[in-house]
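Each remark here refers to the structure printed beneath this line.
The values are calculated or read from the model by the stated rules, or taken from the named source; none is laboratory data. Given the structure is predicted, the values throughout are model-derived calculations rather than measurements. Counting neighbours? That spans all protein chains shown, and the Cβs are built from the backbone with ideal geometry, glycine included.
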Amino acid sequence: METFVIGLSIASILFMVALGLAIIYGTMNVINLAHGEMVMIGAYTTVLATKHLGLNIYLCLPLAFLVTATFGLIIERTVVRRLYGRLLDTLLATWGIALILQQLIRIHFGLGLFGIEIDGLGSDLQNVPVPAELQQAIQLFGANIPVYRAFVFVTALALGAITWLVMYKTRFGSQLRAVSVARNTAAACGINDKRVNMLAFAYGSGLAGIAGVLVSGFKTVSPDMGTPYVVDAFLVVVAGGVGHLLGTFASAGILGEVQSFVATWANDVYGRTVLFAVVIFILLFKPQGLFVTKSR
Amino acid sequence: MTYRTASIIAYIVFFAVVLALPLVLNSFWTNRVAIYLVYSICAIGISMSWGYAGILSLGQGLFFGMGAYMLAMSLTLAVPENNPVPQLMLLNMEPNAVRDLCCVTTGSFLWIPFRSIAVGMIAGIVVPCVLAAGIGYVMFKRRTTGVYVSIITLAFALIGQLLIINNQPLTGGFNGLADLALLEIGGFEFDPYGPSAYYAVALTLIAVILLARYMLTGRIGQVLKAIREDEARARYLGYDVENYKLFIFCVSAGVAGLAGMLFTLTSEFATPSLMATSLSISMVIWAATGGRASLLGACIGALIVNFVGSLASESATFQPVWPIILGLLFVVVVLFMPNGIAGIFKAFIDRPGKAERLGGAKLAGKTERSDKAELLVKSELSAREA
């Protein structure tokens, strides 16, 4: 049961990171390797906000969303915008952006070169204080369940629900879906597809930022923390079926649990190994992913 | 001067410079440059599979690391203290295990063939090739293409790295294999800081370039380019697309394995960090900077990026900024010079002004307008080819 709950929280984080990636990849056909850095920036936003502004972790959620969405917007406007239709090139360019962002944190946004250091940045590991009510554990079916893990899970569910509402119940959502199915037709019908791209990129980045806030509560924060997330999340996206909300949800769940159970049974390394092996098998035998979007 | 003559001259100049360098370098720099040349060989491997066949492997580090480990295992056993059993296994064995390579730790019998240096050297190429054949066979037979190939190879590299770190008693774990013997073939010792190891690397590099160029300018290269441009059409024309892809993927893995062995020779260690994602992606960037579809370009790209990188990491002011410059380089190369340094070189040789002069003399009878049209078509074609 404990293993299951740990699996759920791994899955929740994966889901939040992967959701943003799925929107970006599904809509724009861009592989954003700087997505992991959005998680990292979300985590650092939390570190800085708790240290300097005295905010608690709940208030950091919307703040990190705004900060990372802004970063996403800037990246889309400056680099990604010029690379639509060149899939592998987006992968390389965003890896470059990821390097830049990591290093900017390490050198205090360049101020470190002039001897100015901001508490909370730099290459050191950082920790985020978690409010007392989240540090407790509750008893459920005879198992100890840390409240924080439950909080992560609930937030992920809420974000999933919000994203579903945005995608299927708003004007922006229907435009987004139209663009991802048939960009040119959508543009010909009067949808401003450039604007849709921009907002989708920002929204996806923002989701990763929220995941970053939640990660910062149970892991140490460091400049290179994002890289493993982007790889895992990308595996989740392709395994679940690109452009499929439910697919991402299901595959995050499956992969999170697989990792958690194998990790408890053997060790962490085998957990990840089996995770990769499962994804490779899914890709080889169902290249479209577990859930296939019907297209005409 | 045509592009062909110019590129032949470029090759000759490059080879001459590479061969002459140890004459002017001290032993430290001889070693550094030898390592950069090793990276150049990696970049050639990338250029072969990505530049020619459009297969972007992000797991090239796996093959590189395998090659490095194979030779490092042999060189570990060549150290007298490591017989009959390497120190790293003694540190990790069960208290009452038999002190023999067959069973001192789980799987340690795998080391037995590596008592022979020759086996280590052959395995350094064969093992990456066989591994690539296995991965490639499953991928290409399932007709996995494009970005999925990149992700699958990336995942394989991550698995490889994790398994090596995790099996400490067998592989030395996170610290890898260090304190190696020097490579000795027929009584001749390769000194990593002397010209011997340097020339081993340099001559291998030249041989790899020439063989790759011979192979890729021929029929195979043309078919691979056709596959890169339009896989379905190449298949429709009767080419066995899967086998061609499998072939170049294996060759490229073998080249990476070879580079890995030379890395062990020049750096005297092998660690799991050789299989890291960041190194695999760096290799792609070296090739992209130099020109992904140009063997020499990829080579020079690797040399320049690594040389500037090591200069920067020695200066206190530049060291913290270097990753940012590197990141910007990724972005700038991808955005503004998709054909890299080789593309700029080509554009310089074929620059329109000169062509117009030449063209004007040759095609005196034609009107200026048709000249321009022809030039447009030409540049369009060459742009497409690139």
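Summary table
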quantity: Among the residues listed as B:I165, B:I206, the single one being away from chain A (no Cβ under 12 Å) and farther than 17 Å from B:L75 by Cα; calculated: B:I206
quantity: Qualifying helices (runs of 4 or more DSSP H) (wholly inside the range B:107-213; at least 3 residues being farther than 30 Å from B:G51 by Cα, in contact (Cβ under 8 Å) with a residue 24 or more places away in the chain and more than 22 Å from the chain's Cα centre (by Cα)); calculated: B:168-171
quantity: Helices (runs of 4 or more DSSP H) wholly inside the range A:135-213 that include at least 2 residues being buried (at least 22 other Cβ atoms within 10 Å of the Cβ) and either in contact with a Ser or Thr (Cβ under 9 Å, 6 or more places away or on another chain) or without any contact (Cβ under 8 Å) to a residue 60 or more places away in the chain (or both); calculated: A:147-169, A:171-181
quantity: Selection within the range A:68-96 - surrounded by 24 or more Cβ atoms within 10 Å (Cβ to Cβ), of a type in the set (S, T, N, Q) and either more than 10 Å from chain B (Cβ to nearest Cβ) or not in a helix (DSSP H, G or I) (or both); calculated: A:T68
quantity: Candidate set: the range B:334-348, residues that are assigned to a helix (DSSP H, G or I) and within 19 Å of the chain's Cα centre (by Cα); chosen: the one nearest to the other protein chains (Cβ to nearest Cβ); calculated: B:G340
quantity: Yes/no for B:A234 being without any contact (Cβ under 8 Å) to a residue 60 or more places away in the chain, surrounded by 12 or more Cβ atoms within 10 Å (Cβ to Cβ) and assigned to a helix (DSSP H, G or I); calculated: yes
quantity: Test for B:P320: is it modelled with pLDDT under 80 and facing chain A (nearest Cβ under 8 Å); calculated: yes
quantity: Qualifying position, being more than 10 Å from every other protein chain (Cβ to nearest Cβ) and either among the charged types (D, E, K, R) or over 14 Å from the mean Cα position of the chain (by Cα) (or both), among A:F285, A:F291, A:F281; calculated: A:F291
quantity: Residue list for the range B:11-48, restricted to those being touching a Leu at 6+ places or on another chain (Cβ under 8 Å) and within 20 Å of B:R292 (Cα to Cα); calculated: B:Y11, B:F14, B:Y36, B:L37, B:V38, B:Y39, B:S40, B:I41, B:I44, B:S47, B:M48
quantity: Filter pass, B:G146 being over 30 Å from B:F247 (Cα atoms) and either surrounded by 23 or more Cβ atoms within 10 Å (Cβ to Cβ) or at pLDDT below 85 (or both); calculated: no
quantity: Answer from A:Y25, A:Y44 - the residue that is farther than 17 Å from B:G327 by Cβ, away from every other protein chain (no Cβ under 14 Å) and hydroxyl-bearing (S, T, Y); calculated: A:Y44
quantity: Residue identified as polar (S, T, N, Q), in contact (Cβ under 8 Å) with a residue 12 or more places away in the chain, within 25 Å of B:T271 (Cβ to Cβ) and crowded, with 24+ Cβ neighbours inside 10 Å among B:S47, B:S57, B:S27; calculated: B:S57
quantity: Qualifying residue in the range B:173-196 (condition: among the hydrophobic types (A, V, I, L, M, F, W, C) and within 14 Å of chain A (Cβ to nearest Cβ)); calculated: yes
quantity: Matching residues in the range B:268-283 - criterion: being surrounded by fewer than 20 Cβ atoms within 10 Å (Cβ to Cβ) and polar (S, T, N, Q); calculated: B:S273, B:S278
quantity: Selection status of B:I300, touching a helix residue (DSSP H, G or I) at 6+ places or on another chain (Cβ under 7 Å) and at pLDDT 90 or above; calculated: yes
quantity: Scan of the range A:1-44 for residues that are at pLDDT 85 or above and polar (S, T, N, Q), ordered by number; calculated: A:S12, A:N32
quantity: Flag for A:V236 being closer than 19 Å to A:L33 by Cβ and either modelled with pLDDT of 80 or more or touching a Pro at 6+ places or on another chain (Cβ under 8 Å) (or both); calculated: yes
quantity: Top-ranked residue in the range A:209-265 [being acidic (D, E) and more than 11 Å from the chain's Cα centre (by Cα); ranked as farthest from the other protein chains (Cβ to nearest Cβ)]; calculated: A:E257
quantity: Residue in the range B:153-163 that is in contact with a Lys or Arg (Cβ under 7 Å, 6 or more places away or on another chain) and surrounded by 15 or more Cβ atoms within 10 Å (Cβ to Cβ) present; calculated: yes
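Rundown of residues vs (1) part of a loop (DSSP other than H, G, I, E, B); (2) touching a helix residue (DSSP H, G or I) at 6+ places or on another chain (Cβ under 9 Å); (3) touching a residue at least 60 places away in the same chain (Cβ under 8 Å); (4) closer than 19 Å to A:L19 by Cβ, yes/no style:
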site: A:D224; (1), (2), (3), (4): yes, yes, yes, no
site: A:V230; (1), (2), (3), (4): no, yes, yes, yes
site: A:F234; (1), (2), (3), (4): no, yes, yes, yes
site: A:S260; (1), (2), (3), (4): no, yes, yes, no
site: A:T264; (1), (2), (3), (4): no, yes, yes, no
site: A:L275; (1), (2), (3), (4): no, yes, no, yes
site: A:L284; (1), (2), (3), (4): no, yes, no, no
site: A:L290; (1), (2), (3), (4): yes, yes, no, yes
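For every residue, the table says whether it meets (1) surrounded by 21 or more Cβ atoms within 10 Å (Cβ to Cβ); (2) touching a Phe, Trp or Tyr at 6+ places or on another chain (Cβ under 6 Å); (3) not in a helix (DSSP H, G or I).
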residue: A:T27; (1), (2), (3): yes, no, no
residue: A:V39; (1), (2), (3): yes, yes, no
residue: A:A43; (1), (2), (3): yes, no, no
residue: A:K51; (1), (2), (3): no, no, no
residue: A:P62; (1), (2), (3): no, no, no
